[in-house]
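Taking it in order: structure first as structure tokens, then the write-up.
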Amino acid sequence: MVAKKPRVVIVGAGVAGLTAAQRLCGAGGDRFEVTVVEAGGRAGGRVLTSMFAGHRVEMGATWVQGIDGSPVYALARDAGALGGEEKDAGGGGLPYERMDGFPDRVLTVAEGGEVVDADRVAGPIVELYRGMMEAARAGEASGAGGVEEYLRRGLRAYQAARPGGGKELEEVEEALLAMHINRVRTDTSADNLGVLDLTAEGEYRDFPGDHVTIPGGYSRVIEHLVAALPPGTVRHGLRLRRLEWGETPVRLHFADGAPTLTADYVILTVSLGVLKASLGKDSSAVGAITFDPPLPQFKREAVARLGFGVVNKLFMELEAVPAPEPESGDDDQPLGTSAPPHFPFLHKAFKGQVSNIPWWMRGTESVCPVHAGSSVALAWFAGREAAHLESLPDDEVIRGVHATLDSFLPATPHWRVKRIKRSGWATDPLFLGSYSYVAVGSSGEDLDMMAEPLPRGKDADDGNRARPRVLFAGEATHRTHYSTTHAAYLSGVREANRLLQHYR
């Protein structure tokens, strides 16, 4: 008699779920029956490569945070996605995001068009900011107001100790500090630094080496993972609504009347945003999953304490509007009558002088070309600005960008936006946000709790652990690489190995 193979259902076809499936189907040989159920119509999760204005752009995951020893970088290499071998219609290489390096000179401009002296003003503020962030990560960011107030206190102390200055210089310095604060918000997804626990974030680790994007697109990694699975392993259009996990087999109930599945093991890779929605009393809430029995208290508390923010990207195709033709006898060549100049890498220091710049544009640190000489520019948004961006019609977004560019680049040809493309992670019911962070009141231990399988069985009399039924993977379940595709990958391997070790 042939023994029945254990059935493993993996919820979510993102990096974590696909990695777990590949590991079980590979290292596990023919030991498991593996199915990946995906609510959406595509694999990838928060990895989504798209096209815009002839450019390959990343709507979600963008960077590989360190390439030395990185499993994600190795996957991209194995997938043939590092050489940029794809061609455009003209036979040339297709441009891709930010892999030409950053320009040596970044144009830092204060609101109203004042170019900031990098050596006299911007440089000292950068050094002050870096030093204070290092101190904050060492646990010195105490006091009322959280990390942001800690940074502003440091700036005030710097200004008080500096000879000379004046109100105008102080306004620029404050604007420069705010610019750096916006960068941290984007890096972490925190709405404000008052909710970010930088002491706990000190546990976060990148892989060594350069931070790079993937020339062939991050989605090539996903395609590579899917191709390694047996045909039919990934099933789309199955949105989990209820999980009965109190006994074996576990039962998975899906939306829209899809047939129920049973499993010996479930590896759950849904986002922390979906788990947060699932803590509410309204089982019909967007994205929510009903757990029967409810998640145990330790898991609920970890889900509630950890932060999960939203980061969105706005891509803009720009064109330079020529200046008026010179009057007769004017020998000066007006800006804009020759070939359009390259859009600069623009750091924006908001001083609050121009009232028609909308509030949601003031949370962006920079507007930059996706690569040198490109007509496509990119701005990142985090927190409430990112969420609000999703609610606006295109024409209102374009007006806000125009007001900002006109304020910061008044002496150059007027730049106009032809069209835009933006991400929308906050309102996507399959994610309800972008990535996790360690919030004030939380700690790295909560990330460990997120990774604990259910039931949380104690050691049995024979010394073996109780058999898990529901396992958890995803970026919010890894203590040192959270918020990245590295975390997703490593957590998928971890949970697959948990099952492999059980059956050894």
Original post:
Which ³J(HN,Hα) values in Hz, rounded to whole numbers, follow from the phi angles of the stretch 375-384 under the Karplus curve 6.51 cos²θ - 1.76 cosθ + 1.60, where θ = phi - 60° and Gly and Pro get x?
Top reply: 8, 9, 10, 9, 10, 9, 10, 10, x, 5
**OP:** Specify which residue in the list ILE398, PHE408, LEU432 is farthest towards the positive end of the charge dipole of the chain, using unit charges on the beta carbon of Lys, Arg (+1) and Asp, Glu (-1), about the Cα centre.
**Re:** LEU432
Original post:
Using modelled amide H (1.01 Å from N, peptide plane; none on Pro or chain starts), what sits under 5 Å from the amide H of TYR435, excluding residues fewer than 5 places away?
Top reply: GLY309, VAL311
**OP:** Between MET51 and ASP119, with labels modelled 7 Å along Cα→Cβ, what's the label distance in nm to one decimal, could you check?
**Re:** 4.8
Subject >> Binned Cα-Cα distances of the chain, short to long, each 20 Å bin given as a whole percent >> reply: 21, 51, 24, 4, 0
Subject >> Using θ = phi - 60° and Karplus 6.51 cos²θ - 1.76 cosθ + 1.60, couplings along the stretch 305-313 (whole Hz; Gly, Pro as x) >> reply: 6, 5, x, 9, x, 10, 10, 10, 10
Subject >> For PHE254, distant residues with modelled amide H under 5 Å away >> reply: ARG241
Original post:
Which FRET efficiency, nearest 0.05, do GLU247 and HIS388 yield, Cβ-Cβ r, R0 60 Å?
Top reply: 0.85
Subject >> Pairwise FRET efficiency - ASP256 versus ASP406, Cβ, R0 = 45 Å, nearest 0.05 >> reply: 0.40
Original post:
Accessible area of ARG56, 1.4 Å probe, to the nearest 10 Å²?
Top reply: 20
**OP:** Give the long-range amide H neighbours of VAL34: residues separated by 5 or more places, or on another chain, with amide H under 5 Å away, using H modelled in the peptide plane at 1.01 Å from N.
**Re:** VAL8
**OP:** Give a residue-ordered list of calculated ³J(HN,Hα) values for the stretch 213-219 (Karplus: 6.51 cos²θ - 1.76 cosθ + 1.60, θ = phi - 60°; whole Hz; x for Gly, Pro).
**Re:** 9, 10, x, x, x, 4, 5
Original post:
Full extension from ASP68 to GLU203: what is 0.36 nm times the residue separation minus their Cα-Cα distance, to one decimal in nm?
Top reply: 46.7 nm
Original post:
Separation between the GLU171 and ASP78 pseudo-spin-labels, each 7 Å from Cα along Cα→Cβ, expressed in nm?
Top reply: 5.7
Original post:
Carbon and sulfur atoms: what percent of the 1.4 Å accessible area of the chain do they account for?
Top reply: 50
Original post:
Modelled label-to-label distance, ALA157 and LEU500, 7 Å Cα→beta-carbon offset: nm?
Top reply: 5.0
Original post:
Using a 1.4 Å probe, how large is the accessible area of ARG137, given in Å² and rounded to the nearest 10?
Top reply: 100
**OP:** Work out, step by step, the length gained on full extension between GLN297 and GLU33: first 0.36 nm times the residue separation, then minus their alpha carbon distance; give nm to one decimal.
**Re:** 91.9 nm
Original post:
Rounded to the nearest 20 Debye, what is the dipole magnitude of the chain about its Cα centre when Lys and Arg each give +1 and Asp and Glu each give -1 at the C-beta?
Top reply: 2280
**OP:** Working with all protein chains in place, sort GLU149, GLU445, GLU97 by solvent-accessible area computed with a 1.4 Å probe, largest first.
**Re:** GLU445, GLU149, GLU97
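The values are calculated or read from the model by the stated rules, or taken from the named source; none is laboratory data. Note that the coordinates shown come from a computational prediction; the quantities given were computed from them, not determined experimentally. Note that each Cβ is placed from the backbone with ideal geometry, even for glycine, and that neighbours are counted across all protein chains shown. SASA here: full protein model, heavy atoms, side chains in, ligands and nucleic acids out. Shrake-Rupley method; radii C 1.70, N 1.55, O 1.52, S 1.80 Å.
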